[in-house]
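Q: Have a look at this one.
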Amino acid sequence: MTRESPPPFRFEWESCVKRTRMPGSAKFLALTLATFGSSKTGKNIHPSVARLAREMEVTERTVMRGMKWLRDNGWIVREKQGNRWRSHADEYRLNVPENVLDVMWLDPYSHPYSSVPPDTSVTQTSEVQLTLVSPGQGSASNVQVTSEQCLGDISASPGDK
C-alpha cells in the first residue's frame, strides 16, 4: 500500500486549476466540486451527478464527461465507489497531477507565460511533499510543489510581471 501525503489545501488546488489549460466545462466542474469537500484536506467530496448538473445548469452527461476528464488527468481521485441502488454517490478527493507544472499556462496574475517555461526548480523553503499516483498506473512518485509555484510570489505587484 502506498503512503500518501496530505492533499493540497483547497485554495492552492483551485489556484492550480484556474491557471491550467483544460476544457471549460471540466474547469467549472472542478471548481464546483471543490466547494463540496473539506477545505483543509480536499476530501469527502460526494455530490451526485444530478446535483452537480443542477447547480452547474448543464446536462448530467456533461458532468459525467467532466468527471472522467478530471479523473483521467489526475485532478480528482475516486476514494470510494457509491451504491447506485441506494442512491449513494461516489466519494472523491482533490489531487494535484504529477505534471501540474508542465500544464500551467498562466502566471499568478493571469498573464500567459512567455515562450520560456516557468522555473520549476524547488528552491523555496515552504514546500509540500506530495505522493502522486499516475492515473491508470499503480506506481507512486514523490513530487515537491511549493505553494509559491501554485500561488506565485504574492509580494510582487501585478505590474512587475
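Q: Of all residues being among the aliphatic types (A, V, I, L, M) and over 14 Å from Ala26 (Cα atoms) in the range 43-96, which is farthest from the chain's Cα centre (by Cα)? Just the residue, please.
A: Top of the filtered list is Ala50.
Q: For the range 89-114, which positions are in contact with a Lys or Arg (Cβ under 9 Å, 6 or more places away or on another chain) and either more than 11 Å from Cys16 (Cβ to Cβ) or surrounded by fewer than 18 Cβ atoms within 10 Å (Cβ to Cβ) (or both)?
A: The answer is Ala89, Asp90, Glu91, Tyr92, Arg93, Val103, Trp105, Leu106, Asp107, Tyr109, Ser110, His111.
Q: Residues that are over 18 Å from Arg21 (Cα atoms), at pLDDT below 90 and in contact with a helix residue (DSSP H, G or I) (Cβ under 9 Å, 6 or more places away or on another chain): does the range 48-59 have at least one?
A: Among the residues of the range 48-59, not one is over 18 Å from Arg21 (Cα atoms), at pLDDT below 90 and in contact with a helix residue (DSSP H, G or I) (Cβ under 9 Å, 6 or more places away or on another chain), which makes the answer no.
Q: If Thr20 passes every condition in (1) within 20 Å of Ala89 (Cβ to Cβ); (2) touching a strand residue (DSSP E or B) at 6+ places or on another chain (Cβ under 6 Å) but one, which one does it miss?
A: Against the list (1) within 20 Å of Ala89 (Cβ to Cβ); (2) touching a strand residue (DSSP E or B) at 6+ places or on another chain (Cβ under 6 Å), Thr20 comes up short only on (1).
Q: Another question, then. Only one of Gln129, Gln81, Gln144, Gln137 is modelled with pLDDT under 85, polar (S, T, N, Q) and closer than 18 Å to Ser15 by Cβ; which?
A: On inspection, the qualifying residue turns out to be Gln144.
The values are calculated or read from the model by the stated rules, or taken from the named source; none is laboratory data. Just so it is clear, the model here is predicted, and its values are computed rather than measured. Every residue, glycine among them, receives a Cβ derived from its backbone with ideal geometry; neighbour counts consider all protein chains shown.
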